[in-house]
Each structure stands twice: as structure tokens, then as C-alpha cells.
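*Asks:* Quick one: this structure, given as C-alpha cells, is what I'll be asking you about.
The values are calculated or read from the model by the stated rules, or taken from the named source; none is laboratory data. Nothing here was measured: the structure is a model prediction, and the numbers come from that model. Here Cβ is always computed from backbone atoms with ideal geometry, including for glycine, and neighbour counts include all displayed protein chains. Side chains included, ligands, DNA and RNA excluded: accessible areas come from the protein's heavy atoms. Shrake-Rupley method; radii C 1.70, N 1.55, O 1.52, S 1.80 Å.
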4 protein chains.
Amino acid sequence: MKKRSIVIIGGDKRQRYLKEYLTEKGYDISSYGLFDWDDDTDKLKGMIGEDSVIILPLPATRNDKTIVMPFSKREISIDRLMSLLCKNNLVFGGIIKGELLSRLRETEIPFVDYYDKDFIEKNAVLTAFGALKILLEHIDFALPIGKYAVTGYGRVAKETTALLTALSCDVTVFARNPSQRDDAILKGCYAKELTELSCEAHEFDIVINTVPCHIIGEEILSNMKKGCKIMELASAPYGLDFDLARKYSVDVIKAFSLPGKYTPKTAGEIIGRRIATHLQKEE
Amino acid sequence: MKKRSIVIIGGDKRQRYLKEYLTEKGYDISSYGLFDWDDDTDKLKGMIGEDSVIILPLPATRNDKTIVMPFSKREISIDRLMSLLCKNNLVFGGIIKGELLSRLRETEIPFVDYYDKDFIEKNAVLTAFGALKILLEHIDFALPIGKYAVTGYGRVAKETTALLTALSCDVTVFARNPSQRDDAILKGCYAKELTELSCEAHEFDIVINTVPCHIIGEEILSNMKKGCKIMELASAPYGLDFDLARKYSVDVIKAFSLPGKYTPKTAGEIIGRRIATHLQKEE
Amino acid sequence: MKKRSIVIIGGDKRQRYLKEYLTEKGYDISSYGLFDWDDDTDKLKGMIGEDSVIILPLPATRNDKTIVMPFSKREISIDRLMSLLCKNNLVFGGIIKGELLSRLRETEIPFVDYYDKDFIEKNAVLTAFGALKILLEHIDFALPIGKYAVTGYGRVAKETTALLTALSCDVTVFARNPSQRDDAILKGCYAKELTELSCEAHEFDIVINTVPCHIIGEEILSNMKKGCKIMELASAPYGLDFDLARKYSVDVIKAFSLPGKYTPKTAGEIIGRRIATHLQKEE
Amino acid sequence: MKKRSIVIIGGDKRQRYLKEYLTEKGYDISSYGLFDWDDDTDKLKGMIGEDSVIILPLPATRNDKTIVMPFSKREISIDRLMSLLCKNNLVFGGIIKGELLSRLRETEIPFVDYYDKDFIEKNAVLTAFGALKILLEHIDFALPIGKYAVTGYGRVAKETTALLTALSCDVTVFARNPSQRDDAILKGCYAKELTELSCEAHEFDIVINTVPCHIIGEEILSNMKKGCKIMELASAPYGLDFDLARKYSVDVIKAFSLPGKYTPKTAGEIIGRRIATHLQKEE
């Protein structure tokens, strides 16, 4: 059976590498809004065949109205996009929710959200390498000499900590969950109750936050070692109030959406293999 | 509120360390069948108070009739045990199923199976260290010089592989699931479809199996490098027919129940913290 | 006995941290040309007491005429400096040679070159962390996914390779010396004769050169994988002709004097401890 | 030019693997005293051709009288051996000294001591893997949970520490030399003056000694944590008086000649490559 044509709409470097990857795999691919030279709206209509596969970015949309398209001068609305699709298409996208989700459902267009549990685990590993890169940019000492505090011990914390301990760093994990503290100890970290950070803060050169709520307050900020920096890996509302940090003149290193910035090739290929596997099953 | 008395019944070295741990934490503990000197059946009746906490081993039973009691000359049946318990007791045990499970339910005695998802993750890490120990016993070359094949990429495989790559070994993961292969690649392994092992078998010095079904057949055994060994980490029915391996004169290193043998102190303390946390919540 | 006063003349961030370090240790320190605000030549004469300890940068001079003073608008000649010193002073400097060396000898002013075998080893470790930082900046894939070639296996190569293998990377060392190849194998690398690089070049994503002579010629450059980059860690005359690389459109990442740029605090403290140890022996 | 015949005399598992290795390389090899079936003294005379290459074990002799021959029921004296050799032979041996050295010199028989600086470095790596194996045998906790003290920071200490830190262990190096302490810190260890061990001893679960003189006295032994073990990696006169340790009921794990016991294949191949390289240069 012949392979279905693929149209990549929007996206960042990851989708560019994804396009490369699927092209090498022999798929017939076109893209829209992925390069400044390829976004002609009329062209788009022509690109999408009746059984084409559509690949949307990660996230597919940020404003619940338009598809994320950082490389393009134009933009395309969810509305316009839906007007071009029918039941025979197949849509892949990252974090499909809100307007996009309900429109896909009501028009009964089959779709796959590739930002699932499996992908999130891989994304955490990629995030950890981005965090290591940014960390090395912000320290003026040899990595193993520093003392590191990591708040929380979810996926991103585990992977980031794993890189630090692999490089023989001294890492203390501060977590509420006693079972997670045991996990951290088994991985060669020290582990303490989150509440202990306030009195121990002055011990650390870097605090890496992975908890998306204000756990780092004045008590902690006021007790930090001079020059200590906080690396923020969590998403909004973040682990602290950035203005408060400024008040205590504590530098906050904001490290967001790292996989797309620092490991887009690997991220794109992972998405590509995921989509190829799905399409092969179909054939 | 005063702490409830604890009675540990049966178990291996892990329960001995568990007893030590809980004693240090100030619990009033007695044990039965954990040391040859402490198993007097009449004594047992006296030990169990009306609101005592009972701790059974991991696994609690192997034959669905008696509690596992390797250090004791006697044994105690589930029947006899149940006759000594009432609704005010609380039972902790590892892998509570079959007869024991139904009896606990029908007599409405509260119980906690501490062999849960959280524990299984930690157990995988302990298993990996046991596997490393056994591996070092069975090779006559420096660890990083060997080429290692790991079949499957579940918890135990991931943790064992992590130790090998931390020591700069060359590890190839053979797994059916493409998403797991991506995980292995991100961790610095090579990854291939399980089916490829048969033609690549001769490449490896050690094959570490973690898949509990016969995936290693004649094709693979007949293609192995002279002196290659298979380390079996999976449970019954195991990754291969051991007689078949003998026929091809391939050594099989049977590495079972490693945490209890090689890291009983850590295992016992993990169980202890788990139980202590539970009891503290009660208080 | 009272501590001798110390004057730091010239230097980069390392000397700034060195100043901080020795200040904390209670030494009476002044600096010249280390901050734009502290270079008043007349002031210098006043700073240098008859038994002062003088600390020169690493390297002390690049042109055999003036002391290295990147943060200063002025400069000071070796001539002028020597005119301010006498036999009771003590001079520390990095790579003391040429004019400076002969002048110190003829005027019999005691001196210590802190850039010795011990320091060079530590510098190699610091260089490796700088190399890791730069490497992470120049790749768009997750570190362990790449294939790395390292040419040479001296100190810098060993330390850089150690960081890569600690992070589970696939590293092949190309070295002429069979004994060094054995060392590399024991550390979990592959090792090949340097001559084999030309036919294997296309295998690698990054080639890290540590050999200070043109070992990377057209044969290798013409056989490289598209997008492969060369990281140059060696000193002049370098491992290749940079124009030649441009001709083959191979990117060369020039990574020079990394410890001063990326780990100045650690470098400064190492120099500081070295000097403090020396002075304590004197007392 | 035809390859010279090789006769391996005495030795342990390393020489058996060495024989295998050189046989594969196409050398004409015979052995004496390396297997119980091959030690017929008369046969020996026949084996040694006028230009044969002789390979002696490591060490060549322990008693300055006979060649080390653990697998043989017989033995051969240096005297008898020398009577069979002439100037056209070439002798390889490990630690050639005393009687053997002087006899070789006076009879002007060319010889190479393969236990040189290069080999000692590799031997340290092999020793470290043996130490890791023995360590895993003697602990009942997961490796990263322990606190480790390492005394001295020479080759063996560095390599052993490197394996422990690679596995995320908490290692403190106690060394007299401040420059070595800086090296340890750069490798992610804590480092302290050797004299501090006495007051800190109780902190550690394992003390690994690499210093061949009695640095571990009553003060330290009396301050150790209950159950703490000392792993002795140093050679005579060792880091402590073993009877004294017994008095304080501190277990001492004697870990001697590890490469021959645990990594003989790698050791044998390293010796083999060394010898092959030498012989190739000759041709």
C-alpha cells in the first residue's frame, strides 16, 4: 500500500529535524510555516490531500486559537486548519486540548497526541542535558566542586540529578515524599524533607527547582550563600516569585523548553520514529 | 498515643535488619522464626497483643500454606497464624495473595502489601547492584572491555544497564518495544529489535536476560561467542531452557532474589521506613 | 612571624579569585592591573615592599616584553617590573621563561613557576569541563547519542574522554602509542591507530583533537560525515590547517585557554592553595 | 624474517591468557610449568631454541631462588634456568631484580622488565576492578549508600576512587599531600589531611587503605563505626597491624594481587601486546 503524504504545519527546530527524518524514511512530505520560504496559505490547501497525515507542533497551540509557528511571518488559525481537514486525514500533535481537541472530536477526524507518558519520559532526559548545558554556562567552578540542591524528585529532577551524580557531583534532593527520598538515596544523593531546605540553603552553590509551585520563599532566599543561583526547570507558576528573588539579589536562571532549544535533532527523531511506527502499523 | 507493639514473623536477612531499624526507632518489637533461638510457638501466642502490628516476609508465603521462615527449624501455617489474629491487628506483608489474602479479607483484618509499585522500583535498583556483584565474579576481564547484551528494558534491565554504562561498558539493549529502544539510546546504549539478537549473538561476552519467557532459543545459543555467559535475572519461566543452554555448553548464571542476599540492610531499612511512615500517619 | 605582603600584578579572572582566596586566608594583598580601577603605575612602586611576594599571571607574559594584563588599559614591561624588585622579594608566576626567566636569575630574585607538572594535571581536568561546556553548545542531539573521536591520549584527552564516558558516550581514541590505546580501552573507549582515522572519519559526529600538529589532513576532512565538527583543544600549530577545514566546509570549534574562561574560581583557588602552602613552609 | 619461538616459563592465569593471545597472533609458543601437564624438565631444555624468547611471570620470583610456578608440582631454579640460556635469547619478566637481574647482566642476556611505569598504570585500573568486586562481596547495603574513606591518593587510590564516584558513592580521600587533595576534589571527592582520619573515622562504613605503612593506629581503630571494615590494598608492611585491628574487632579485608585473580585475561593481553609490539620492532 502506498505511503500517505505528510504535511507538517508549524513547529520549531524539532519539526525541521522531524521533516528530515521522515524524508529519509521515504515519506512524501511537505511543510507549512516551518521555514519562512514555505508559508503560502494557498499552497497549504493544495498540500493537504484527502488522506494526508497532518503533523502539528509541540505544543500544537499556545493561545487556543492559532498553531505555533515561530519560524513563519504568517499564522494559521485552528479554524482555518479544520476547514481544510476531513475524516480521512490523520492528525498528530503535541498537547492536543481545548478548542483544537473539541473541533477534532466533533468533526470525527482521527488524531494522536504524541505528547504522552512515553514521550514525557524521553523529554525529561533531553531536558536534563539542556539543564547541564545551561548549568555549565552559569558556574565559574569545576562542576564536581559545587554543592547542588534539587527540589522535587519527579522525572526531570531524576534525570538531571543522574547527570550530576554521573559527574561525581554532591547532590541533595529535597522532597516531601519519603519514598522519593529513598529513591534519591539509592541513586547516591543525600535526601531531606523539603522543609529542611530553609535552614540548609546556605550550604549550596546552586538550587535546581523542579516543583511548579512557590516552595522557595523568603526564609530560603534570605539564607542562601552569597552568589548562589537558582535554576528554574519547573513550569508556571514556578518554584518562586522572581521579583522576590531579585529583592534578595539571588540570580534565577530560567531554563524553559530546553529540548526544542538544545536537542532538537534527537527530539525530532523521537517524534519521527513514533509517527513512523504508527503509520507502519496502519499499512 | 503509645506505639503499637510489632511482631515480625519469619523472613530473611532483610527482616533482621528491619527489626534492627524499627528497634532503633523506638518500637517495641519481638520476632518469631527470624532467629533459630526465637521460635517457640507458644511464645508466639504471647507475643501478639490485641492491637499488635504483624510483619510478614517478602514473599509472605511460597506454598500458599506456610509463612516463609528460612532461619527457623519450625514453620507456621497461615491457618495457625490467622487463628492468632483479630480485627484490631494490622498486617504488613510482601506479595499477599491466594489463601493468605482471602483469609485476611474474610476476617476483615486490615493489611498492607508493602511490595507495591514504589517498592518494586527500589527493588530493581538493589537487584542491579546484586547483578553487578555476580557479574564481576564471573568475568576474567576488566568490566569495560566486555560487550554486553541486555534483553528487555523494563525496570531491572534499566537499572542494571545504568550501572554498566556508568562504568563505561558497551551495552546493547534488545527490546521489542521501539519506545523502550529510544529510552535505551538516550541512556547511551545501542538498541536493536529483539529478533536481531540471533544474528548478533556472537558479538557479546555476556548476555543479561530480564525477559521471563523463552526468548533465547537454539538460533541464539548456537551463535554465541565461545565462553559467552548468560546471566538470568528474570523469574520463571525464565528467558531460556537451561538444559538447552547446557546442550550448547553455554554457562547460565542464575541470579535470583538478589536484594535479600546482597543488600539486605538497605532492603530492610526501606521496608522499615515504609512501615514507620504508615504507623506515624495512624498516630 | 608576620605574613609577607602580596602584590598580584596582571592576570585574568583566575587572579581575581586568587586575590579573594588569599584575602580570606588573611594575607595582606594589593593588586595592579587586575581591575581597571587599580592600575596606577606610581601606586605600584608603593605597593611593593622590600620583602613583598609578587604574583604574576599564567602565562606571565606572551610577548616576552610585558606582563599579561587583559583587564587593564595600561601595561607594565618586564623591565619596569624588575626595576622594582630586589633579592628579598619572592616571585610566583606561570610559565616563567625567556627574558623574565633570565632577568630573575641574573638579579638572583627567588621565584617559583606554579605551572608545573602538578598544576598541569589539574589544568587538564579544568580544560575537560570547559570542553564539555563548549561541546554541549555545539551539538543539537543528546550527548550520549553522538559518536566521538578523540585524537591523542595525553592528559587533556584522558580527562575530556573521562567526562564523555561518564555520561555514557561512545568514544573512540585514535593514538599512535599502543600503550595509550590500552589505557583508553581500560577506560571503556574503543582505541585505534591514528592512521585509521582517515578511513573511519565518516563514522563520527564530533572529532576532538588534542594533538598539536597537523594530523588531520585532506583525507580525513574529505571523509567526514556531513555536519561533523572538529573541536580543537590542542595548542599551536594545532591539529589541522583551519583554512583547509573551511575548504571542506568542516566547522572547527576553537576551544582555547578554557580554565581561565570557564572555571576561573577553581583555577584561582588551586593557585592560591599552592602559594599559601609555599609561604606557610617558609614561616 | 621468521618469528622467534617463545617459551613461557611459570606464571598464573595471566600467562595462560598471554599464551592464548600470542598463539592467536601466530607465534610458535610452548610453555613450562603453566599447566600441570606441561612441566617435564627435560622437555624444557628441548623447548628453548638458541634464539628463543623467554617469558617469565609477574613477579618472576618471590624467593630470589625459583621462578613463580603456582600451577606446577615442580619448580625451576634461577640457576637451572640461566644454564639453559645464552646471549641470543631474549627474556621478558615482571619485576626482574636480585639474583635474576645480576645473573642476566653478567651473562649479557638481553631482557625486558615489562613491569614498568606504563604497566603499573594499567595494573592500577585492574586492581580497582578487583577491589570493587571484593567490596561488593563484603557490604550488605547498596553501594551508593555507604560512606567511603580512602587513605592515600596514588595510582591505585585514584582508580579505585574513580569507580566509586562513577557509581555515585560518597568518597573522602585522606592524604598528606595538598596537591593530591586538590586532585581528589576535582574528581568529586571530599579531601582531608591524613591526620583528620582519627577524629572522623566513625563517619565511614568502609576504609580503603592504599598506603604501605602503618598509618591506621589505635586512635583510628578505636573510633570506627561498629561494623566498619578496612579494605587493605597496600603491600607490606600494610596500612595497619592486623592483630591490632583484631583487638578492636575491626574486620580487615585483605585484597592482594587482584589483577591476577580477577582480570587475568585483560592483564595477559596487555602483557601480550607489549611483548608483540617489542618483537615486531625487532623484525
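*Asks:* Of everything in the stretch D:108-121, what is facing chain C (nearest Cβ under 10 Å) and not hydrophobic (A, V, I, L, M, F, W, C)? Give them in sequence order.
*Replies:* Correct list: D:Asp116, D:Lys117, D:Asp118, D:Glu121.
*Asks:* Can you tell me how many residues in the stretch D:143-152 are away from chain A (no Cβ under 14 Å) and either in contact with a strand residue (DSSP E or B) (Cβ under 6 Å, 6 or more places away or on another chain) or surrounded by fewer than 19 Cβ atoms within 10 Å (Cβ to Cβ) (or both)?
*Replies:* The number of residues fulfilling the criteria is 2.
*Asks:* Inside the stretch C:86-125, can you point out the residues that are within 24 Å of C:Ala267 (Cα to Cα), open to solvent by 50 Å² or more (accessible area, probe 1.4 Å) and assigned to a helix (DSSP H, G or I)?
*Replies:* C:Lys117, C:Asp118, C:Ile120, C:Glu121
*Asks:* Additional query: May I ask you to list the residues in the stretch D:130-142 that are in a helix (DSSP H, G or I) and either open to solvent by less than 20 Å² (accessible area, probe 1.4 Å) or touching a helix residue (DSSP H, G or I) at 6+ places or on another chain (Cβ under 9 Å) (or both)?
*Replies:* Once the filter is applied, which keeps residues that are in a helix (DSSP H, G or I) and either open to solvent by less than 20 Å² (accessible area, probe 1.4 Å) or touching a helix residue (DSSP H, G or I) at 6+ places or on another chain (Cβ under 9 Å) (or both), the stretch D:130-142 yields D:Gly130, D:Ala131, D:Leu132, D:Lys133, D:Ile134, D:Leu135, D:Leu136, D:Glu137.
*Asks:* Tell me whether the stretch C:13-27 contains one or more residues that are among the hydrophobic types (A, V, I, L, M, F, W, C) and touching a Leu at 6+ places or on another chain (Cβ under 8 Å).
*Replies:* no
*Asks:* Separate question: Which of the residues belonging to the stretch D:35-49 are out of contact with any Gly (no Cβ under 8 Å at 6 or more places or on another chain), modelled with pLDDT under 90 and open to solvent by 10 Å² or more (accessible area, probe 1.4 Å)?
*Replies:* Selection gives D:Phe35, D:Asp36, D:Trp37, D:Asp40, D:Thr41, D:Asp42, D:Lys43, D:Lys45, D:Gly46.
*Asks:* Restricting to the stretch A:239-283, what's the tally of residues that are of a type in the set (S, T, N, Q) and either over 14 Å from the mean Cα position of the chain (by Cα) or within 22 Å of A:Glu203 (Cα to Cα) (or both)?
*Replies:* Qualifying residue count for the region: 3.
*Asks:* Looking at B:Pro178 and the list (1) touching a residue at least 12 places away in the same chain (Cβ under 8 Å); (2) away from chain C (no Cβ under 12 Å); (3) surrounded by fewer than 22 Cβ atoms within 10 Å (Cβ to Cβ), which single condition is not satisfied?
*Replies:* (1)
*Asks:* OK, next. Could you please tell me which pairs satisfy a Cβ distance under 6 Å, a separation of 6+ or placement on different chains, a first residue in the stretch C:122-142 that is at the interface with chain A (Cβ under 7 Å from one of its Cβ atoms), and a second residue that is part of a helix (DSSP H, G or I) and of a type in the set (Lys, Arg)?
*Replies:* C:Leu136/A:Lys133; C:Asp140/A:Lys265; C:Phe141/A:Lys265
*Asks:* Residues in the stretch B:15-33: is at least one in contact (Cβ under 8 Å) with a residue 24 or more places away in the chain and on the phi > 0 side of the Ramachandran plot?
*Replies:* Yes: the stretch B:15-33 contains one or more residues that are in contact (Cβ under 8 Å) with a residue 24 or more places away in the chain and on the phi > 0 side of the Ramachandran plot.
*Asks:* Sort out which residues of the stretch C:203-233 are closer than 30 Å to C:Arg14 by Cα, open to solvent by 10 Å² or more (accessible area, probe 1.4 Å) and not in a loop (DSSP other than H, G, I, E, B), and write them in order of number.
*Replies:* Of everything in the stretch C:203-233, just one residue is closer than 30 Å to C:Arg14 by Cα, open to solvent by 10 Å² or more (accessible area, probe 1.4 Å) and not in a loop (DSSP other than H, G, I, E, B), namely C:Lys229.
Matching residues to (1) surrounded by 21 or more Cβ atoms within 10 Å (Cβ to Cβ); (2) within 14 Å of chain A (Cβ to nearest Cβ); (3) β-branched (Val, Ile, Thr):
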| position | (1), (2), (3) |
| --- | --- |
| C:Lys3 | no, no, no |
| C:Gln15 | yes, yes, no |
| C:Lys25 | no, no, no |
| C:Gly33 | yes, no, no |
| C:Val53 | yes, no, yes |
| C:Leu58 | yes, no, no |
| C:Asn63 | no, no, no |
| C:Phe71 | no, no, no |
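*Asks:* Can you tell me how many residues in the stretch B:40-72 are assigned to a helix (DSSP H, G or I) and in contact with a Phe, Trp or Tyr (Cβ under 8 Å, 6 or more places away or on another chain)?
*Replies:* Adding up the residues that qualify gives 3.
*Asks:* Shifting gears a bit: Among the residues of the stretch A:234-278, write down those that are among the aromatic types (Phe, Trp, Tyr) and part of a helix (DSSP H, G or I).
*Replies:* The answer is A:Phe242, A:Tyr262.
*Asks:* Would you mind telling me which numbered condition in (1) more than 29 Å from C:Leu143 (Cβ to Cβ); (2) open to solvent by 60 Å² or more (accessible area, probe 1.4 Å); (3) over 21 Å from the mean Cα position of the chain (by Cα) B:Ala236 fails?
*Replies:* (3)
*Asks:* Out of the residues in the stretch D:242-282 that are under 29 Å from B:Ile139 (Cβ atoms) and among the β-branched types (Val, Ile, Thr), state the one that is farthest from the other protein chains (Cβ to nearest Cβ).
*Replies:* D:Val252
*Asks:* Next question. Is it fair to say C:Glu75 is surrounded by fewer than 13 Cβ atoms within 10 Å (Cβ to Cβ), assigned to a loop (DSSP other than H, G, I, E, B) and among the acidic types (Asp, Glu)?
*Replies:* no
*Asks:* Now for a separate question. Answer yes or no as to whether A:Gly272 is touching a Leu at 6+ places or on another chain (Cβ under 6 Å) and closer than 30 Å to A:Leu90 by Cβ.
*Replies:* So A:Gly272 fits the description; yes.
*Asks:* For residues that are small (Gly, Ala, Ser) and open to solvent by less than 10 Å² (accessible area, probe 1.4 Å), scanning just the stretch B:153-175, find the one that is nearest to the other protein chains (Cβ to nearest Cβ).
*Replies:* B:Ala175
*Asks:* I've got another one for you. Could you check A:Tyr17 against (1) closer than 17 Å to A:Phe111 by Cα; (2) among the hydroxyl-bearing types (Ser, Thr, Tyr); (3) touching a Pro at 6+ places or on another chain (Cβ under 6 Å) and say which number it fails?
*Replies:* Result: A:Tyr17 passes all but (1).
*Asks:* Six or more apart or on different chains, Cβ atoms under 8 Å: show the pairs whose first residue is in the stretch C:242-253 and modelled with pLDDT of 95 or more and whose second is polar (S, T, N, Q) and assigned to a helix (DSSP H, G or I).
*Replies:* Hits for this filter: C:Tyr248/C:Ser222.
*Asks:* Just give me the residues in the stretch B:143-188 being within 20 Å of C:Ala184 (Cα to Cα), in contact with a Gly (Cβ under 9 Å, 6 or more places away or on another chain) and not in a helix (DSSP H, G or I), in sequence order.
*Replies:* Passing the criteria: B:Leu167, B:Ser168, B:Cys169, B:Asp170, B:Val171.
*Asks:* Next up: When you go through (1) out of contact with any strand residue (DSSP E or B) (no Cβ under 7 Å at 6 or more places or on another chain); (2) in contact (Cβ under 8 Å) with a residue 60 or more places away in the chain; (3) not aliphatic (A, V, I, L, M) one by one for A:Pro212, which number turns out not to apply?
*Replies:* (2)
*Asks:* Look through the stretch A:189-202, keep the residues that are within 14 Å of chain D (Cβ to nearest Cβ) and part of a strand (DSSP E or B), and return whichever of them is surrounded by the fewest Cβ atoms within 10 Å (Cβ to Cβ).
*Replies:* A:Tyr190
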